[in-house]
Structures are given as structure tokens and as C-alpha cells.
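Mind having a look at this structure? Questions to follow.
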Amino acid sequence: MTEERNGHPMPEGRRDATPAEIARTLLEADGGLIVAAHRNPDGDALGSMLGLARALRAAGRDVVLAHPDADPVPDELAFLLAPGETIARELPADAAQRVFVAVDCATAMRLWPDRAPHEGVRMAVNIDHHHDNTRFGHLNLVEPGASSSAEVVVHVLEAAGLPVTRDVAEPLYVGLITDTGRFCYSNTGTEAHRVAGLFIEAGVRPDELGRLLYEEQPPERLLLLGRAMQRARLMCDGRLMAAALGPDDYAAAGGDDTEGIVEAMRSVRGVSIAGLTREQHPGAWRVSLRTDDPTFDVSVIARQEGGGGHRAAAGFSTARPPDDLFPWLEAQVRAQLDGA
């Protein structure tokens, strides 16, 4: 018999767990641990990975960081890696003897593109805050009310009695501020601010990390923002803005760094939903969606194309070119707006 959680059936032998149960598992399981996150990691995914792994290593645990992307650390987050800290592209040879820990990953499909790394291990632990998490782990700690997976990781560390030192706190703080939009998104609650206080007490410098994240903009990123804004389309009576970037834009700007562009589009007066599509390879596009409308859910749109995310921020990959994607996206947005 399967158990239902948030509309998703939970497979046999898999269940929800408390932070204390997760803490005991991570501290007591034999064979070591693997910590991983979703492909195309953002600040919360990478920050939660690093923060959890560092705390567990400080407690004497054997931890391997693993991630399938050829370059698992985006340039804008490279400062988070400590000297000598590495993330393996492949699972270790002894993976079957280890506990596999997925952080910030709503579905197993977003882990490895060609395998199910959470299968064939001693146990799979799923730590997340996405409201549409499929509970793919043997033990699932999913807190949809949490601002970020970094916040959920703190709950595990506190249950384990592990100290949140500066080297643990810094990546977790990055996860917290990126997923809350610098504490401006509607998912920001009192707990997010409590956790931020813990990080600051541990030695985190908000001014320093804020500068590294938001005030070191490469010129090519701003040039791409200008190109996106020049060609952006307004739809749904001005509530939806969509833009596309491709190889010609990357060549003109001198790079393909699009970090923060969709958020800038969403900030335009009158726009409540923004979509940016970027051509990654011929015929392969990556779409990012953002909204500040608490009644709207962009993850519903993303899931239709095999993606996912949060109500306010989601993404997916598609073969739809912009001329096909934009009318489809407009229809999806209008359907939700009309329904609301």
C-alpha cells in the first residue's frame, strides 16, 4: 500500500521523517555518506550540499560530494568552494554501502540524467522544501513551509547537536538569501530570519557575501540583460513578459551568463510573471519562470514540460523554439489567471 503526501504516492518502505530521525541516520549509519543535489544547481542546492557535508565531516563522518554536471559549480558561486574541496561527477565505487543524501531536489529525475543514484544504496535520504516533492527517499524530510533547503538543513544540524561554524554557515547563508530573494520573497518568514541570525553569530558577513553575489556583475551579463529587454514580449495584458536569448546574443555580449536576468524582467512595473528561454544547444532550450503573485504557481507550468521548482520560481528544458513556446506559455499563464 502506498501513502499519499501532497498528491504524490509514497512508495512502499518509504516514509516521512523528523529532523531528529534524519540526524540519527546521518550520524550513525555505517559505510559513509554521499551528498548530492539537483542538476543545474542554484545557490540553495550548492549551499545546502556544502553546508551539510562540512558539518558532517567535522563530526567525523566520511562524506563524498557528488554531482553529475560537467561543471557543478556556477562561476558566480565558485567562491563557496574551499581550497581542496571537490565535487565528484561519478558516485564512489562503494556507493552501495553508503547513505545517499539528496538536498533541494523535488524529484529523483532531477538528480542524474541517465540513472537513479538513490537506488541501490544502503538508504536514500531526501531533504527538501519544495511543495511538490515526490518523496523518493527511504526517509523524507520535506518542509514546504521552509524558505529554503538551507533552512531545513539547519533543523537537521540542530537536532544532531552539531555546531554551525562559519565554514558551515556561509554556504547555507547563500542558500537562504538566494532562495528568499534577499529576504524579499513571500517565502520569507520569522524562521528564515532566526536562521540568518544563527549564521551571523557564526561569523557570516552579510555585506561580504552580498557583494560577492550581487555586486560583482560581469559586463556580458548586463549586455545580455539589455538584449533580453530590447526584444521582450508583453502578453496577458502586460502581466507576462517573455524573452529569448541565443547564440547571436551570446556572441554579441561576449558570454552566456544569464544569472538574474529573469528576476530583472519580473521587476518591471506591471509584470507579475516573467519567462526567459535560453538556447543551450541547437534545438535545446532552458526556460526560467518567476512570479511575485502569491496566487500564481509557475511550478505547475514547469512540471508540464518535465521540470519543477517553487510556486514563485521554476524551470524546465524544452525543444520548443520561442515562436512555439511563447504562445504556449501565454495560454498556460492566462489559464491560471482566468482560474484565479
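Give the residues of region 145-174 that are in contact with a strand residue (DSSP E or B) (Cβ under 9 Å, 6 or more places away or on another chain) and not aliphatic (A, V, I, L, M), sorted by residue number.
Ser149, His155
I would also like to ask the following. Is it the case that Val64 is in a strand (DSSP E or B) and within 18 Å of the chain's Cα centre (by Cα)?
no
Sort out which residues of region 274-304 are in contact with a Phe, Trp or Tyr (Cβ under 7 Å, 6 or more places away or on another chain) and acidic (Asp, Glu), and write them in order of number.
The answer is Glu279, and nothing else.
Separate question: What's the number of the only condition in (1) touching an Asp or Glu at 6+ places or on another chain (Cβ under 6 Å); (2) not basic (Lys, Arg); (3) not assigned by TED's automatic domain parsing to the domain that holds Pro74 that Ile273 fails to meet?
(1)
Could you list all residues from region 50-75 that are touching a residue at least 60 places away in the same chain (Cβ under 8 Å) and hydrophobic (A, V, I, L, M, F, W, C)?
Passing the criteria: Leu50, Leu52, Ala55, Leu56, Ala58, Ala59.
Right, here's the next one. Please verify whether region 68-78 includes one or more residues that are modelled with pLDDT under 95 and either touching a His at 6+ places or on another chain (Cβ under 8 Å) or within 22 Å of Glu143 (Cα to Cα) (or both).
No: region 68-78 contains no residue that is modelled with pLDDT under 95 and either touching a His at 6+ places or on another chain (Cβ under 8 Å) or within 22 Å of Glu143 (Cα to Cα) (or both).
Pairs only if they're at least six apart or on different chains, beta carbon under 8 angstrom, first in region 265-284 and assigned to a loop (DSSP other than H, G, I, E, B), second of a type in the set (Lys, Arg); list them, first residue then second.
Gly270/Arg239; Val271/Arg239; Ser272/Arg239; Ser272/Arg266
Turning to a different aspect of this structure: I'm trying to understand the selection: among the residues of region 28-57, which are closer than 20 Å to Glu151 by Cβ and over 16 Å from the mean Cα position of the chain (by Cα)?
Listed by number, the residues that qualify are Ala53, Arg54, Ala55, Leu56.
Moving on to the next point. Against the definition (without any contact (Cβ under 8 Å) to a residue 12 or more places away in the chain and assigned by TED's automatic domain parsing to the domain that holds Met49), how does Gly175 come out, yes or no?
Against the criterion (without any contact (Cβ under 8 Å) to a residue 12 or more places away in the chain and assigned by TED's automatic domain parsing to the domain that holds Met49), Gly175 does not qualify.
Something else: Filtering region 285-315 down to residues that are within 21 Å of Gly246 (Cβ to Cβ) and not in a strand (DSSP E or B), which residue is modelled with the lowest pLDDT?
Taking the candidates together, the pick is Gly307.
Please go through region 113-149 and pick out each residue that is surrounded by fewer than 19 Cβ atoms within 10 Å (Cβ to Cβ) and among the hydrophobic types (A, V, I, L, M, F, W, C).
Ala116, Met123
Let me ask another. Within region 23-35, is even one residue acidic (Asp, Glu), over 23 Å from Asp114 (Cβ atoms) and at pLDDT below 95?
yes
Yes or no, residue by residue, for (1) outside the structural domain of Leu176 (by TED's automatic domain parsing); (2) of a type in the set (A, V, I, L, M); (3) more than 19 Å from Asp179 (Cβ to Cβ):
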site: Ala53; (1), (2), (3): no, yes, no
site: Gly60; (1), (2), (3): no, no, yes
site: Val63; (1), (2), (3): no, yes, yes
site: Ala66; (1), (2), (3): no, yes, yes
site: Val73; (1), (2), (3): no, yes, no
site: Leu81; (1), (2), (3): no, yes, yes
site: Ala88; (1), (2), (3): no, yes, yes
site: Ala102; (1), (2), (3): no, yes, no
site: Ala108; (1), (2), (3): no, yes, yes
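Okay, moving on. Specify which of the listed residues (Leu234, Leu240, Leu225) is outside the structural domain of Met109 (by TED's automatic domain parsing), farther than 27 Å from Phe183 by Cα, modelled with pLDDT of 95 or more and in contact with a Gly (Cβ under 9 Å, 6 or more places away or on another chain).
After ruling out the rest, the residue left standing is Leu234.
Quickly run through region 14-33 and pick out the residues that are farther than 16 Å from Val156 by Cα and not basic (Lys, Arg).
If the condition is that a residue be farther than 16 Å from Val156 by Cα and not basic (Lys, Arg), then Asp30, Gly31, Gly32 are the ones that fit.
I need the full set of residues from region 178-200 which are β-branched (Val, Ile, Thr), under 26 Å from Phe296 (Cβ atoms) and either touching an Asp or Glu at 6+ places or on another chain (Cβ under 8 Å) or in contact (Cβ under 8 Å) with a residue 40 or more places away in the chain (or both), in order please.
Thr178, Thr188
May I ask you to list the residues in region 305-340 that are loosely packed, with under 12 Cβ neighbours inside 10 Å and in contact with a Phe, Trp or Tyr (Cβ under 9 Å, 6 or more places away or on another chain)?
Correct list: Ala319, Ala340.
Right, here's the next one. Being out of contact with any helix residue (DSSP H, G or I) (no Cβ under 8 Å at 6 or more places or on another chain) and among the hydrophobic types (A, V, I, L, M, F, W, C): is that true of Ala116 here?
No: the conditions fail for Ala116.
The values are calculated or read from the model by the stated rules, or taken from the named source; none is laboratory data. Model, not experiment: these values are computed from the prediction. Quick reminder, even Gly has a Cβ in these numbers, built from the backbone with ideal geometry, and neighbours come from all protein chains shown.
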